[in-house]
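Below you'll find the structure, written out as structure tokens, and then a few comments.
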Amino acid sequence: MVSALEISKLLNGELIGNKDTVIRSVSKIDQGHPESLTFLANPKYTNFIYETKASVVLVGKGFKSSVPNHITLIKVDDPYASFCLILDKFFNNKSALAGIEQPSFIAPDATLGKEVYIGAFAYVGSQVQVGDGTLIYPQVYIGSNVKIGKNSIIYPGVKVYNQCIIGDNCIVHAGTVIGSDGFGFAPQKDGSYAKIPQIGNVIIEDDVEIGSNCSIDRATMGSTIIRKGVKLDNLIQVAHNAEVGKNTVIASQTGVSGSTKIGENCVIGGQVGFVGHISIAKGSQIGAQSGIPNSIDTPGQKWIGSPVQEYKNYLRSSIVVKRLPDMDKKLDELEKEVEELKKKLKGE
Amino acid sequence: MVSALEISKLLNGELIGNKDTVIRSVSKIDQGHPESLTFLANPKYTNFIYETKASVVLVGKGFKSSVPNHITLIKVDDPYASFCLILDKFFNNKSALAGIEQPSFIAPDATLGKEVYIGAFAYVGSQVQVGDGTLIYPQVYIGSNVKIGKNSIIYPGVKVYNQCIIGDNCIVHAGTVIGSDGFGFAPQKDGSYAKIPQIGNVIIEDDVEIGSNCSIDRATMGSTIIRKGVKLDNLIQVAHNAEVGKNTVIASQTGVSGSTKIGENCVIGGQVGFVGHISIAKGSQIGAQSGIPNSIDTPGQKWIGSPVQEYKNYLRSSIVVKRLPDMDKKLDELEKEVEELKKKLKGE
Amino acid sequence: MVSALEISKLLNGELIGNKDTVIRSVSKIDQGHPESLTFLANPKYTNFIYETKASVVLVGKGFKSSVPNHITLIKVDDPYASFCLILDKFFNNKSALAGIEQPSFIAPDATLGKEVYIGAFAYVGSQVQVGDGTLIYPQVYIGSNVKIGKNSIIYPGVKVYNQCIIGDNCIVHAGTVIGSDGFGFAPQKDGSYAKIPQIGNVIIEDDVEIGSNCSIDRATMGSTIIRKGVKLDNLIQVAHNAEVGKNTVIASQTGVSGSTKIGENCVIGGQVGFVGHISIAKGSQIGAQSGIPNSIDTPGQKWIGSPVQEYKNYLRSSIVVKRLPDMDKKLDELEKEVEELKKKLKGE
């Protein structure tokens, strides 16, 4: 429970209306309910401010219209960012997890920092290091020699193979596997395959969030690397020796093949596939379901399609593709007309 | 063990042959073995009835041919549905699970119904409610405040984050994650991303089956909703605030992006991708590997392709695409001929 | 720690340089560090041999150049295979796992072979048989009546449903689910679906490796079969009653639909989709992101695209697709020119 005045002060905002209005929850503006806080960021939602049952609405500094009496406005620079801040401060339903639940398995030579949580049925292997404030949820597996930094959250059922490294302030969602063997096999003369030992590891730098049920394979030798600030959605594949650049975001079900390097600040859609051993220039934006057979060298461009093309070309091509049956028909007609013309010319 | 007569009575069928024939297992008609029950539903399998070693065959009411002496026929309205009924009644190899295995973790304030099974290493959090007859297999994680209805089956290793709701008669297969954070980040000026708190939940209504290793994200605010009777295959992604309509079925590896609403009674193939914030009309049928960039407004149509097109157009286009090299050649030839004609005309 | 001489003897190689050079680790030639072993297999890496800091380099028998003094060469038939052999023998960082960790759950009627490892929080159900030397990592679930052969490795969190069979020398990576129900439902008149009981199992033959977070469904009746020597990457879907032929390799995120049979020695890229009830000829090579709507009958061919085409046709078509906007323009121009010609002819 928090008052409109407290929120306004915290956000350094300008309050218009009843400063004593009490807030007990948050809502979307089109689903607002009494005693809730909401926000107006997208102009196309402006009309909802006259209908919403929310009690306090965060709006931009430029908002001028008058609103129903039951609503208290707070004007701020960035309504959405401000809303997120309040959300995180007052309405984050994370329970305070602490201590070591039983039964859990912690190797005698593992090192745990201060205020660490280890959930029941979690397994912490030999020589593991876990930093201060990190939460290891139930049923997590941490293989031997793994290092995890400070204030990271490892959700239930995550599996981290031995030797892997996870930084500070990371979040790894349930079911994700970090450090499984790379897909490396040497074909034999009899048609079978011999396993190539996978003795590298995975390094996940600080501030990374990885969704649920992802697979990040360890390197054959060296490291598969997820750089600082990367955000991966669910069900993503990152193969051995791949690297995902700083602050790059990748949507669900995308696959990055072996040894491919994706640059910084890229934005990559869902269900995209990258072949192995290529490089993607920094700032590339790649549309959903694209297939990337070659390196992308020019930074900051938009791409889409399988095989991928520049976005502009793709738009032109895809329009023409839809007209293909018409083109085909036109071509046949033209052929006949030319034939006619030839006959006429001969006839003369 | 059950006799042909018992089966016939149960199915209200018409028995032709030896009513005392004993059945100890079930089989496919092309793999039939003695003392097994099989069925003939698809006419293209009719020939197998003269070769099968099965002892009892369920056939349609209209089946007229004579069959080898060792076979007992039972005529029923729907041979396949009848077969499934017998399968479920007599040959379902589920063991009777009951009680609370040790060690398991059950919060003191969790509420368990009657005849609930809790497997070893399962974690049942604070304030959790589990309905009568529900099975929680080993290594399942149920976060705080989760509600699960009656007679549901939660297979090994499923992870359900806090606040989520699962209905009655649901089945969730191993490795599936329900309620992981939605993929929501606000870009910052320095190129990094700030996490947007994900404080909603997931609601799964009654009679839903979800395959293995799926990821169903919680809503940012409000709920991600899987409606009554939905069937999801394996490795499916459902993003934050999405909704899947009543009795819709979705095949493996499909992804539904944030806030997209799929209507009732849709049939969706595998590896399909839906962008965010669109609506799909009820009764839509969408082919495998399709990409859906926009809302589909007309109900009950067939669609396929990436970007998706109406099925009829797609068929026409895809035929033409294969002829593209020929079209290209023809176009070049026509160009030359027209050039010739122009020369001739000028020359006159 | 091992000497150059020992390595050379083991490989039956020819040593050139200091036989007493000591090796403590392995490296890639372009990242070589002192006291490490590396190899030169790909000619395009030849230049690195003059710069590498590695101490011992495995090269082919035909290697003739002189190298810096600090490098000891060992000439062998196949440098990469030899390297893998040494890797596996001396530098494989697998810890020696043995015994039964506590707490674990082992049904009284389960049978464990010699030198089996059962990790903490693993669940071994009723009537399970585990062969000699097999490792069951923590948090694995083995349902009742499952059989696992000798010297197999089941990584953390793998779930094997009841009745399934896994052979000798298999590796199954973390999070993979074997034997979840096939996706089988019978449509009912009211638009809902009735579950078809899935009473078959999964059979995994010897020498199979399966990546992390895969889903291999049990058969409706009979068996879903993964033949000897198959290698599956991560996040792969294999549906009920499918079969993957001997020594076939499949890359990440590919889906095989129900009852489809893939032949022996196929090589299949990532994100490929196969519809149900088709057969793929042995030795087929299928490119990434392909969609396979029909059986492939000719063995040993290369295929790609969605819908799939022969590789040669695809190359031709995809070149033309890029030129489509130009073709379209050309077609319009030709049409005008023919119109002009017709007018001229009429005018005469």
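The values are calculated or read from the model by the stated rules, or taken from the named source; none is laboratory data. Quick caveat: nothing in here was measured; it's all calculated off a predicted structure. Cβ atoms come from the backbone with ideal geometry, glycine included; neighbour counts cover every protein chain shown. Side chains are part of the model used for accessible areas, which takes the heavy atoms of the whole protein and leaves out ligands, DNA and RNA. Shrake-Rupley method; radii C 1.70, N 1.55, O 1.52, S 1.80 Å.
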Checking B:Ser279 against (1) among the small types (Gly, Ala, Ser); (2) away from chain C (no Cβ under 14 Å); (3) open to solvent by less than 20 Å² (accessible area, probe 1.4 Å), only one condition comes out false. Which one? (3)
Any residue at all in region A:40-52 that's closer than 19 Å to B:Pro197 by Cα and either within 14 Å of another protein chain (Cβ to nearest Cβ) or basic (Lys, Arg) (or both)? yes
Could you list all residues from region B:198-215 that are within 18 Å of B:Tyr161 (Cβ to Cβ) and at the interface with another protein chain (Cβ under 9 Å from one of its Cβ atoms)? B:Ile199, B:Ser212, B:Asn213, B:Cys214, B:Ser215
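Looking only at residues in region A:63-81 that are of a type in the set (D, E, K, R) and within 14 Å of another protein chain (Cβ to nearest Cβ), which one is least open to solvent (accessible area, probe 1.4 Å)?
A:Asp78
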Would you please list the contacts, defined by Cβ atoms under 7 Å and residues six or more apart or on different chains, that run from a residue in region C:55-68 that is not assigned by TED's automatic domain parsing to the domain that holds C:Phe83 to a residue that is open to solvent by 40 Å² or more (accessible area, probe 1.4 Å)? none
For region C:82-100, check the following and say yes or no: at least one residue is in a strand (DSSP E or B) and buried (at least 18 other Cβ atoms within 10 Å of the Cβ). no
Select from region C:175-184 the residues that are open to solvent by less than 10 Å² (accessible area, probe 1.4 Å) and either aromatic (Phe, Trp, Tyr) or under 17 Å from the mean Cα position of the chain (by Cα) (or both) and write down the one among them that is nearest to C:Leu235 (Cα to Cα). C:Thr176
So for region B:119-133 (the condition being under 25 Å from A:Ala122 (Cβ atoms), in a loop (DSSP other than H, G, I, E, B) and among the polar types (S, T, N, Q)), does at least one residue qualify? yes
Does A:Ser284 satisfy the criteria of being away from chain B (no Cβ under 12 Å) and touching a Cys at 6+ places or on another chain (Cβ under 6 Å)? yes
Given the criteria within 20 Å of B:Ser306 (Cβ to Cβ), at pLDDT below 95 and more than 9 Å from chain A (Cβ to nearest Cβ), does C:Val321 qualify? no
Mind counting the residues in region C:134-174 that are surrounded by fewer than 24 Cβ atoms within 10 Å (Cβ to Cβ) and at positive phi? 4
Region C:155-197: strands (runs of 3 or more DSSP E) wholly inside it with 1 or more residues that are at pLDDT 95 or above and facing another protein chain (nearest Cβ under 8 Å) are C:177-180, C:193-195
Taking the criterion of being free of Cβ contacts under 8 Å to residues at least 24 places away in the same chain, more than 28 Å from B:Thr254 (Cβ to Cβ) and of a type outside the set (Ser, Thr, Tyr), would at least one residue in region A:178-186 satisfy it? yes
So which of A:Asp206, A:Asp233 is more than 13 Å from A:Ser259 (Cα to Cα), open to solvent by 20 Å² or more (accessible area, probe 1.4 Å) and modelled with pLDDT of 95 or more? A:Asp206
Could you say whether any residue in region A:4-23 is within 21 Å of B:Met221 (Cα to Cα) and not hydrophobic (A, V, I, L, M, F, W, C)? no
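Conditions tested, residue by residue: (1) under 19 Å from A:Ser252 (Cβ atoms); (2) of a type outside the set (A, V, I, L, M, F, W, C).
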{"residue": "A:Lys195", "(1), (2)": "no, yes"}
{"residue": "A:Ile199", "(1), (2)": "no, no"}
{"residue": "A:Ser215", "(1), (2)": "yes, yes"}
{"residue": "A:Gly222", "(1), (2)": "no, yes"}
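Listed here are the residues, each with its yes/no results for (1) at pLDDT 90 or above; (2) farther than 30 Å from C:His173 by Cα; (3) within 14 Å of chain A (Cβ to nearest Cβ).
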position: C:Lys261; (1), (2), (3): yes, no, no
position: C:Ser290; (1), (2), (3): yes, no, yes
position: C:Lys330; (1), (2), (3): no, yes, yes
position: C:Lys342; (1), (2), (3): no, yes, yes
position: C:Leu345; (1), (2), (3): no, yes, yes
What's the total number of residues in region B:304-318 that are open to solvent by less than 40 Å² (accessible area, probe 1.4 Å) and either more than 17 Å from B:Ile268 (Cα to Cα) or modelled with pLDDT of 95 or more (or both)? 3
Among (1) open to solvent by less than 80 Å² (accessible area, probe 1.4 Å); (2) modelled with pLDDT under 90; (3) assigned to a loop (DSSP other than H, G, I, E, B), which single condition is A:Asp109 missing? (2)
